[in-house]
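Heads up: the structure comes next, in structure tokens.
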Amino acid sequence: MKPLRQIHQNCSFNTATPLQVAVGQGIDGEMDLIEKNNIKDSYLYTTPPKTLAKDRDLMAAMFVKAGMKSIIPTKLNIKKKDNILISIINI
């Protein structure tokens with residue numbers, strides 16, 4: 001967990017605030033589409049899975065090369081309580 005905390009801290013302190021806001025807004029927009037069952041309008045749905053898999057595999061290889069363990073999700077279990085996302089677990 002310590003390396004992950006260091007990466008988070010580095011990103012928080014070294015990423016310009018407008019970029020942090022833009023990423024947050026992008027994530028919020030995707031979550032809104034998913035929650036309203038408009039998944040077909042989502043970037044995650046419209047981007048070809050092969051493109052995403054290629055990018056994912058490239059990132060995973062970079063993590064392994066850096067000496068980190070890369071876990072590629074096979075299935076996600078999304079849990080909500082009172083319509084609020086509480087966890088996303090790789091199962």
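Among residues that are among the aliphatic types (A, V, I, L, M), farther than 24 Å from S12 by Cα and without any contact (Cβ under 8 Å) to a residue 24 or more places away in the chain, I34 is included. Kindly evaluate M68 against the criterion of being surrounded by 11 or more Cβ atoms within 10 Å (Cβ to Cβ) and not in a helix (DSSP H, G or I). For M68, the condition - surrounded by 11 or more Cβ atoms within 10 Å (Cβ to Cβ) and not in a helix (DSSP H, G or I) - is met.
Scanning the stretch 27-49 for residues that are loosely packed, with under 12 Cβ neighbours inside 10 Å and of a type in the set (S, T, N, Q) returns N37, N38, T46, T47.
Each value in this text was obtained by applying a stated rule to the coordinates, not by laboratory testing. Every value quoted in this text rests on a predicted model; they were computed, and no experiment measured them. FYI the Cβ positions are ideal-geometry reconstructions off the backbone, even for glycines, and counts take in every protein chain you see.
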